[in-house]
Amino acid sequence: MRAAQADAAPELPRCRHVRILDAVPLWWHFQRRGWDDALPAVRQRLHCAPCAGRDAARIRPRLTVGRDPPTGAQLPYPDAATWKKLVSRYCS
């Protein structure tokens, strides 16, 4: 997933919970852990937290990419110096 292009909106098919995630912190979260950040791989890492607590099952979301504002608590952004270094690496 390319940073700062769009936001990811996982929607759970069974429970219909929707959470819109900011692309930059989501990408940064995957980069720090060394995880594959391609959308099919991202889908395998996400699950519905309210349903997992209730059903003890991990329900995988259907991901859509859009430009809606993020909802709920968000992942942290990289600090300014790290972000500047990352942007220069990927833009060169």
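The values are calculated or read from the model by the stated rules, or taken from the named source; none is laboratory data. The shown structure was predicted, so the numbers you read here are calculated from the model rather than taken from an experiment. Because the Cβ atoms are built from the backbone with ideal geometry, glycine has one as well, and the counts that use them run over all protein chains shown. All accessible areas refer to the heavy atoms of the entire protein, side chains included, with ligands and DNA or RNA removed. Shrake-Rupley method; radii C 1.70, N 1.55, O 1.52, S 1.80 Å.
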- prompt: Taking the Cα centre of region 32-83 as the origin, how large is its charge dipole in debye, to the nearest 20, when only Lys and Arg (+1) and Asp and Glu (-1) carry charge on their Cβ atoms?
  reply: 220 debye
- line: So Arg89 and Arg33, fully extended at 0.36 nm per residue minus their Cα-Cα distance, gain in nm 18.3 nm
- request: Kindly sort Cys15, Cys91, Cys51 by accessible area of their heavy atoms, largest first, with the probe set to 1.4 Å.
  value: Cys91, Cys15, Cys51
field: For region 69-83, 3J(HN,Hα) per residue [Karplus equation, 6.51 cos²θ - 1.76 cosθ + 1.60, θ = phi - 60°, Hz, x = Gly/Pro]
entry: x, x, 10, x, 5, 10, 6, x, 6, x, 5, 4, 5, 5, 4
- request: Starting at the first residue of region 17-34, write each ³J(HN,Hα) from the Karplus equation 6.51 cos²θ - 1.76 cosθ + 1.60 with θ = phi - 60°, in whole Hz, x for Gly and Pro.
  value: 5, 10, 9, 9, 10, 5, 5, 5, x, 5, 4, 4, 4, 6, 4, 4, 8, x
statement: The answer for Thr64, listing residues at least 5 apart or on another chain whose modeled amide H is closer than 5 Å to its amide H, is Ala9, Glu11
